[in-house]
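These notes are about the structure you will find just below.
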Amino acid sequence: MLARLSEVLFAETLRRYARNLTGDQTGWLAGARDPQIGKALTLLHQQPTYPWTLAELARETGLSRTVLSERFRHFLGEPPMTYLTRWRLRLGARALTTTSHSVTEIALDTGYESEAAFNRAFKREYGQPPARYRRGKTNATLAAAS
């Protein structure tokens, strides 16, 4: 019961904080609070594997591509498609360390059309290929458990 109460308190604290954000504040919560940017974030998080284009995301949010890009960049510091790439790679990194799925499976599960494309993007973001990242995280976990 205490765990549930702490969850409720955390959620209420987050709601109050987001509600009191001023229009000039930026960041993920400020973006999520904005009706159109919040909708874009919801779509990207609910359907990260969907082959989103800026035009389609703009149409879904009711904004032009230019306005969507500008507002998204204002709140989150990067354009929507860059955000989506980072989100997919975070999901991939998590899957690498929490599942035994192959890199190919993870690539396809995170919206990449090929393992090679996932490998290139992953190495650009994390500085190492996915297999090495997985080995490093696994070894670190084993060392911490010892």
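The values are calculated or read from the model by the stated rules, or taken from the named source; none is laboratory data. This structure is a prediction, so every number in the text was calculated from the model and none was measured. These area figures cover heavy atoms from the full protein model, side chains too; ligands, DNA and RNA do not enter into them. Shrake-Rupley method; radii C 1.70, N 1.55, O 1.52, S 1.80 Å.
Indicate the gyration tensor shape class of region 88-140 (rounded, prolate or oblate), computed on the Cα atoms with a ≥ b ≥ c the square roots of the eigenvalues: a/c under 1.5 is rounded; otherwise a/b larger than b/c is prolate and the rest oblate.
Oblate shape, in that a/c is at least 1.5 and b/c is the bigger or equal ratio.
Rounded, prolate or oblate, given the Cα gyration tensor of region 35-146, with a/c below 1.5 counting as rounded? It would help to have the intermediate numbers written out before the result.
Details: a/c = 2.62, a/b = 2.19, b/c = 1.20.
Prolate shape, in that a/c is at least 1.5 and a/b is the bigger ratio.
Determine ³J(HN,Hα), in whole Hz, for all residues of region 30-47 in sequence, where each value follows from phi through the Karplus function 6.51 cos²θ - 1.76 cosθ + 1.60 and θ = phi - 60°; x replaces Gly and Pro.
Result, rounded to whole Hz: 5, x, 5, 6, 5, x, 6, 5, x, 5, 4, 4, 4, 4, 5, 7, 6, 10.
With every atom except the alpha carbons ignored, what do you get for Rg and Dmax of region 47-87, in angstroms?
According to the Cα coordinates of region 47-87, Rg and Dmax are 9.6, 24 Å.
Using each residue's phi in region 81-87, evaluate 6.51 cos²θ - 1.76 cosθ + 1.60 at θ = phi - 60° and report the 3J(HN,Hα) Karplus result to the nearest Hz, with x for Gly and Pro.
Along region 81-87, the couplings run 6, 5, 4, 4, 4, 5, 5 Hz.
Starting from the residue with the highest accessible area, list Thr61, Thr99 in decreasing order, probe 1.4 Å. Let's see the in-between values first.
Values: Thr61 15, Thr99 50 Å².
Sorted by accessible area, descending: Thr99, Thr61.
As a test of reading the structure, rank Met81, Met1 by solvent-accessible area (1.4 Å probe, protein chains only), most first.
Ranking Met81, Met1 by accessible area, largest first, yields Met1, Met81.
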